[in-house]
């Protein structure tokens, strides 16, 4: 019995947050959505299929309270991440609920609005909610797909080890390039001193750099080598080209690693501020409904 529990716990630990507990929260979110749809349909029947006053009906207040409560609860995920537990409300369970109940807000929010939109704070709150959900969907995709690609890209090396390797290759390049003529050596020095990894958000997301000094030096020196006859300088140039090729491969791996890491992080710069803006707009929506209508 104890071994079976350990085996079940091990399987659960390797289960993704999307499949957690056999899609428990997907089922809960689907049930909630169906109840809301049924309530909306009942409201339409009671109001002779007029959408105009749906938001101020019993359904409007009920769905609005449900939606607002869900938004506040979902926004607490950042606080929940600070506590690691293995019980029914583990972080994986919380994230699973966050994803599926967040998607149910599409149904809840849309039907709560009664499909009445305009240039007002109410529609702004709805638009912000949809933007938060869409950015959240990108986050789900990123965390489901990118980590395996990230692992395959770096292999057995860490980001620190890749950067250390590039630094070591730079040192060897400066030594091997000494027999080259002034113009060729200048290309190698430039490739060493002007190597750029990371940078601003756009540079980190753009792993293919057209202005890479290392790739430029490799291209020019390779063309030079094809026109050069064998000799001591040709041997030195071959060594330089071998090192440049290795550096280009390592640079591509390091830049791709940083790009993938940035993709995992950059969506948060949209998701979190938009969530805060949503809560502010939601507060304004609630205040205006209860005090000015």
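The values are calculated or read from the model by the stated rules, or taken from the named source; none is laboratory data. Note that the structure is predicted; figures quoted are calculated from it, not measured. Note that each Cβ is placed from the backbone with ideal geometry, even for glycine, and that neighbours are counted across all protein chains shown.
Descriptive notes on the structure:
- For segment 117-136, filtering for residues that are assigned to a loop (DSSP other than H, G, I, E, B) and in contact with a helix residue (DSSP H, G or I) (Cβ under 7 Å, 6 or more places away or on another chain) leaves 1.
- Qualifying residue in segment 237-245 (condition: under 13 Å from residue 187 (Cβ atoms), without any contact (Cβ under 8 Å) to a residue 24 or more places away in the chain and buried (at least 16 other Cβ atoms within 10 Å of the Cβ)): yes
- Boolean, residue 216 is under 32 Å from the mean Cα position of the chain (by Cα) and more than 19 Å from residue 258 (Cβ to Cβ): yes
- Residue within segment 196-203 that is in a helix (DSSP H, G or I), at pLDDT below 80 and within 30 Å of residue 124 (Cα to Cα) present: yes
- Qualifying position, being in contact with a helix residue (DSSP H, G or I) (Cβ under 7 Å, 6 or more places away or on another chain) and surrounded by fewer than 16 Cβ atoms within 10 Å (Cβ to Cβ), among 108, 149, 166: 149
- Scanning segment 262-283 for residues being at pLDDT below 85 and assigned to a helix (DSSP H, G or I) gives a total of 7.
- Residues satisfying the stated conditions in segment 260-293, i.e. farther than 16 Å from residue 136 by Cα, within 21 Å of the chain's Cα centre (by Cα) and surrounded by 19 or more Cβ atoms within 10 Å (Cβ to Cβ): 260
- Condition met for residue 254 (in contact with a helix residue (DSSP H, G or I) (Cβ under 7 Å, 6 or more places away or on another chain) and in the same structural domain as residue 138 (by TED's automatic domain parsing)): no
- Condition broken by residue 130, with the remaining ones in (1) at negative phi; (2) assigned by TED's automatic domain parsing to the domain that holds residue 70; (3) buried (at least 17 other Cβ atoms within 10 Å of the Cβ) satisfied: (3)
- Subset of segment 223-233 that is exposed (fewer than 14 other Cβ atoms within 10 Å of the Cβ) and assigned to a helix (DSSP H, G or I) - its residue that is nearest to the chain's Cα centre (by Cα): 223
- Checking the stated criteria, residue 169 turns out to be in contact (Cβ under 8 Å) with a residue 40 or more places away in the chain, farther than 21 Å from residue 64 by Cβ and in the same structural domain as residue 217 (by TED's automatic domain parsing).
- Some residue of segment 58-68 being out of contact with any strand residue (DSSP E or B) (no Cβ under 6 Å at 6 or more places or on another chain), in a helix (DSSP H, G or I), over 15 Å from residue 113 (Cα atoms) and at pLDDT 80 or above: no
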